[in-house]
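Read through the structure below, which is laid out as structure tokens, and then see the notes.
The values are calculated or read from the model by the stated rules, or taken from the named source; none is laboratory data. Because the structure is a prediction, the values reported are computed rather than measured. Glycine also receives a Cβ, built like all others from the backbone with ideal geometry; neighbour counts cover every protein chain displayed. Just so you know, the surface numbers come from the protein's heavy atoms only, side chains and all, with ligands and any DNA or RNA stripped out. Shrake-Rupley method; radii C 1.70, N 1.55, O 1.52, S 1.80 Å.
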Amino acid sequence: AVLSFFRKTSLYILVVPVLLLGLGIVSNQAVLKANNDKFPVMWNDYKVAQYHHHLEIQGPDAQLALEALESEGFIDDVHVVMTPKTHLNYLADIFDLKDAVYSIGDFLLMLGEWLGGFAPFVFVFDVVRKLRLSN
């Protein structure tokens, strides 16, 4: 009954982007909660070494960041280098696209946001189409 209501009223067009956004948020929050507010990032040894070198050439200002990277694997205030001890790694940042590393939740958020830009227009056109067909 609920599904036919959404189909008849075309509300599914508006609901799908919201559901994708919700799934993305839940996915990312689950990773944060499972890792005590840390978000694991899949970095290989080369990328860690690059970041380590970057911190070293920053001088004394980056000393705390360098110590945090070496002791706890912290990349910044939230992100840490992924290890076997981190949890829900399959939902964490595992897709390296050169400019950044993304998670499944990030992709769901981006897709929901992108579809949300079109959804109101598609919804209006579909409602108008249905109204014309019913006359």
- Message: Given the condition at pLDDT below 95, among the small types (Gly, Ala, Ser) and either touching a Lys or Arg at 6+ places or on another chain (Cβ under 9 Å) or part of a helix (DSSP H, G or I) (or both), answer yes or no: does some residue in the range 6-25 qualify?
- Response: yes
- Does Leu21 fit the bill of being of a type in the set (A, V, I, L, M, F, W, C) and either open to solvent by less than 80 Å² (accessible area, probe 1.4 Å) or under 17 Å from the mean Cα position of the chain (by Cα) (or both)? yes
- Which residue, of Pro17, Pro60, Pro40, is closer than 30 Å to Val124 by Cα and not hydroxyl-bearing (Ser, Thr, Tyr)? Pro17
- Query: Does Ala30 qualify as being within 26 Å of the chain's Cα centre (by Cα), surrounded by 12 or more Cβ atoms within 10 Å (Cβ to Cβ), in a helix (DSSP H, G or I) and touching a residue at least 40 places away in the same chain (Cβ under 8 Å)?
  - Reply: yes
- Query: Would a scan of the range 45-60 turn up a residue that is more than 27 Å from Leu20 (Cα to Cα), in a loop (DSSP other than H, G, I, E, B) and free of Cβ contacts under 8 Å to residues at least 40 places away in the same chain?
  - Reply: yes
- Item | Filtered residues of the range 83-127 (kept if modelled with pLDDT of 95 or more, charged (D, E, K, R) and under 17 Å from Gly73 (Cβ atoms)) | Asp93
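Yes/no per residue for (1) of a type in the set (D, E, K, R); (2) over 13 Å from Leu32 (Cα atoms); (3) open to solvent by 40 Å² or more (accessible area, probe 1.4 Å); (4) in contact with a Gly (Cβ under 8 Å, 6 or more places away or on another chain):
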residue	(1), (2), (3), (4)
Val78	no, no, yes, no
Met82	no, no, no, no
Leu91	no, no, no, yes
Leu97	no, yes, yes, no
Ala100	no, yes, no, no
Gly105	no, no, no, yes
Leu108	no, yes, yes, yes
